[in-house]
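Data first, discussion second: the structure below is written as structure tokens.
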Amino acid sequence: MKLYEYEAKYILTKYGILVPKGVLVNDHILQNKSVNELKLPFAIKSQILVSGRLKAGGILFSNSIKQTKECLQKLLGSKIKNEIVDRVLIEEKINFIKELYFGIAIDRNQQSYVSIASEMGGIDIEQTSIDFPKKIIKLTINPKKGLQFSDAKKICTKLGYAGISLKSLANILVKLFQIVEDYDIELVEINPLVETTNGNFVALDSRIIIDDNALYRHSEYRKKSFELGRELGSIEIEAKKVGLVYLKLDGEIGIIGNGAGLVLATLDIVTYYGGKPANFLDLGGGASVEQITLSMKIVLNDIQVKVLFVNILGGLTRCDDVANAIIATITETKVTTPVIVRLLGTNEEQGRKILIENAVEVFNNMEDAAIRAIEISRKQN
Amino acid sequence: MGILIDGNTRVLVQGITGVQGSLHTQFMLSYGTKIVAGVSPGKGGQMVQNIPVFNTVKEAKKKYLPNTSILFVPAQFAAKATREAIDSGIKIIVIITEHIPIRDTIQIIAHASQNDAIVIGPNSPGIINPKSCKLGIMPGHIFKLGNVGLISRSGTLTYEIAYGLTQKNLGQSTCVGIGGDPITGISYIDCLKLFRDDTQTKAIVLIGEIGGNLEEKTADFLKNNSYSKPIVAYIAGRTAPAEKRMGHAGAIIMGRTGTAEHKIKAFNDVGIQTAEKPGDIAKLLRQIIDK
């Protein structure tokens, strides 16, 4: 689950990491009185969940309240990097002498967390990591020991700090790892972490991603993860609630499968034979009747869909359960869109029999089924 | 032969009293897998499919000497159950459970490597040596004994490809599902090393998908080490929409990896042929084997 900048900063402040004074607003009339307590000039920042806001015009600066209102008018409701801006963070603009980068992420190869720090933070950090790899200090964190203060000090020494600054920087890094552990975080990033003229370190921007699988341990965020507009549209949220992963695409062949790899391969093969997938829908492992019914309803509700291709390989999922659910859904919804099914695996014979008895086309082979689905979609034109 | 398991593997099922645990215990038994005991805290003394159930791994270990465990334990309790297996001296642990928090996985895997235990998964369909031992949830009848080693991080796609090989009379030595999570225990590279030393395995199929850089790392390994057995690869997700990315850390750690093109190129650069679609894998293998 991706957090908005203001949510990430809320967590940082709980751990004593400094952030600029700011106010969240969602209307351009600026009724929020606490804005008056902020000192001009302001940074006015669209709250969206993708990187690269500044370059995309999602962050503006203002020197007066009048100008601030104009900025809000411009940003609220606009689309930046394909996300609609519905909330904006107004912050005091901070003067700084240096931009750093601090982050902790998952390192798949080291099978642990890795801390990343750089004295060349800011929006070009990715390019920096290519052009000046030595300016990026990475340290794999020992899972048994965690990130020790002594490790953090070594890293910050390499960034060129000493004395009091070194201590307070190292402290920030140690706290970041504490946040990682306390909130089950996949990624936390402060970029830039700026050094101000009076020697403080302030988090100007921050990104946090919480591990979806751990949300059951963090109920307030679990609730928020289903908010409309956060990452997903309303249909995607419905799907997510029952454990489905749905992504709308713009073709006409609806696709349902079990297992991400298989669904990806199904999209590939439909495209290979000249068809256009309407969506990605992964049932996951051990799909229930309820999940299959809902997934069919979701895909068949898409008016672009001319044919539905269900591709199931039974392991945990049982083919007879799938067949029964498909027939029940067709009967219940009285849907006329043709359905093509590919079944293989646990209880496939029973599953196939049920489908054939109910006049639903069923295949053994994925390629044959894909070719047939494309053929039908063309006839519907 | 084959790798990691065989007909003499003595299997413990953790979470044996659950719906999936008991169902797949039945399927594994009828395949011929030697399941000797099960564990479910609080359910000790029961029998599931005629297999005795214990409260702890330690008790089961003492009485029936399992050397390998398979986990069907719910995600919230999976880390604890794995730790228990490791601490009781089990050396191979197959984790079927999906949705385990990554923080737990990191701890499990660190603990396993400290104790010389091998973790397969999490979120793995399991491992199978056709005809001798099925340790997982895969449908047994689509596999066939033979000389192809198969490694995959996708569950159902593994079945898809194994089925395709079987149809073309290309049997398998061992099929390993390393698991679909960002962090898993056994890796492609670990499996390649094991297959290299396995006399039964003559060729290897490597199934990858978009995301992460495991495939690229595997290509790196093959560049720097001589590997005598032929490998054919398939990468799922050529036509997938690009994910909206957040933050820079991913790019800093992994560079510009992750796309299907990048992975395919990495494989091609070290002389590994990649199939355009799953159905072509058997064809490519045939060409290599018949050469």
Exercise for review: From the C-alpha gyration tensor of segment B:80-142, pull out the three semi-axes of the equivalent ellipsoid (sqrt of 5λ each), sorted largest to smallest, in whole Å.
Suggested key: 23, 14, 8
Practice item. Along each of the three principal axes of the Cα atoms of chain A, give the extent in whole Å, ordering the values from largest to smallest. Key: 78, 52, 39
Review point. When averaged across all projection directions, what area in nm² does the alpha-carbon convex hull of segment A:36-115 cover?
Key: 7.4 nm²
Exercise for review: For every helix of n ≥ 4 consecutive DSSP H residues, a contribution of -39,500 (n - 2.57) applies; sum these over the protein assembly as shown, divide by its total residues, and give [θ] at 222 nm rounded to the nearest 500 deg cm²/dmol.
Suggested key: -11000 deg cm²/dmol
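When each pair of different Cα atoms in segment A:315-379 is counted once in the 1/r mean, what is the Kirkwood radius in angstroms, to one decimal?
Numbers: mean 1/r = 0.0821 Å⁻¹.
Taking every pair of different Cα atoms in segment A:315-379, averaging 1/r and inverting gives 12.2 Å.
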Check your understanding: Which far-off residues, 5 or more places away or on another chain, put their amide H under 5 Å from the one on B:Gly208, with H placed in the peptide plane?
Key -> B:Tyr234, B:Ile235, B:Ala236
Point to revise | Overall Cα dimensions of segment A:96-212, principal axis frame, Å, largest first | key: 38, 29, 24
Practice item. Please report how far the C-alpha centroid of segment B:195-225 lies from that of segment A:148-204, rounded to the nearest whole angstrom. Key: 38 Å
Review point. Among B:Ser124, B:Ser173, B:Ser88, which one moves the most in a GNM of chain B with springs linking Cα atoms closer than 10 Å?
Key: B:Ser88
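Considering only DSSP beta bridges with both partners in segment B:27-101, what is the antiparallel share in %, to the nearest 5? Could the numbers behind the result be given before it?
Details: 2 of 8 bridges.
About 25 percent, rounded to the nearest 5.
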Practice item. With a bin width of 10 angstrom, please list the P(r) values of segment B:54-116 as percents of all Cα-Cα pairs, from the 0 bin to the one holding the largest distance. Key: 23, 57, 19, 1
Review point. When the gyration tensor of segment B:165-228 is built from Cα positions, what are the square roots of 5 times its three eigenvalues, in whole Å, from largest to smallest?
Key: 21, 16, 11
Study note, to complete from the structure: Most fluctuating of B:Pro66, B:Pro122, B:Pro241 in the GNM of chain B (C-alpha, under 10 Å) is B:Pro241
Review point. Between segment B:157-183 and segment B:70-126, how many Å separate their Cα centres?
Key: 22 Å
Check your understanding: Just the Cα atoms of the protein assembly as shown: what Rg and Dmax do they give in Å?
Key -> 26.5, 79
Revision key, fill the gap. Ranking B:Ser152, A:Ser165 from most to least accessible area with a 1.4 Å probe gives A:Ser165, B:Ser152
Check your understanding: In whole Å, how far is the Cα centre of segment A:309-323 from that of segment A:1-54?
Key -> 47 Å
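Please work out the average accessible area per residue across chain A, using the 1.4 Å probe convention, and give it in Å².
Values: 16500 Å² over 381 residues.
Dividing the accessible area of chain A by its residue count gives 43 Å².
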Exercise for review: Quote the accessible area belonging to A:Thr13 in square angstrom, nearest 10, computed with a 1.4 Å probe and with ligands, DNA and RNA left uncounted.
Suggested key: 60 Å²
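Just to make sure I understand: if all protein chains stay in place, what is the order of A:Lys306, A:Lys353, B:Lys80 by accessible area at 1.4 Å, largest first? Show your work: numbers first, answer last.
Details: A:Lys306 55, A:Lys353 130, B:Lys80 160 Å².
Result of the area sort, largest leading: B:Lys80, A:Lys353, A:Lys306.
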Exercise for review: Compute from the Cα atoms of segment A:234-379 the Rg and the Dmax, the latter being the longest Cα-Cα distance, and quote both in angstrom.
Suggested key: 13.4, 37
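Express as a percent, rounded to the nearest 5, the fraction of DSSP beta bridges in the protein assembly as shown (both residues included) that run antiparallel.
Details: 57 of 111 bridges.
That works out to approximately 50 percent antiparallel.
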Exercise for review: Return the single residue from B:Ile264, B:Ile96, B:Ile106 with maximal mean-square fluctuation; model: Gaussian network over chain B, springs between Cα atoms under 10 Å.
Suggested key: B:Ile106
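Quick one: ranking B:His141, A:His28 by accessible area, 1.4 Å probe, largest first, what do you get? Write down the numbers at each step before the final one.
On the way: B:His141 115, A:His28 75 Å².
I get B:His141, A:His28, largest accessible area first.
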**Study point:** Mean separation of Cα contacts under 8 Å (6+ apart) over length of segment A:234-379, as relative contact order %
**Key:** 24 percent
Exercise for review: Over the alpha-carbon set of chain B, work out the extent along each principal axis and list the three values in angstrom, largest first.
Suggested key: 56, 47, 32
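The values are calculated or read from the model by the stated rules, or taken from the named source; none is laboratory data. All values derive from a computational prediction rather than experimental measurement. Ligands, DNA and RNA are stripped out before the accessible areas are found, and what is left, the full protein with its side chains, is counted by its heavy atoms. Shrake-Rupley method; radii C 1.70, N 1.55, O 1.52, S 1.80 Å.
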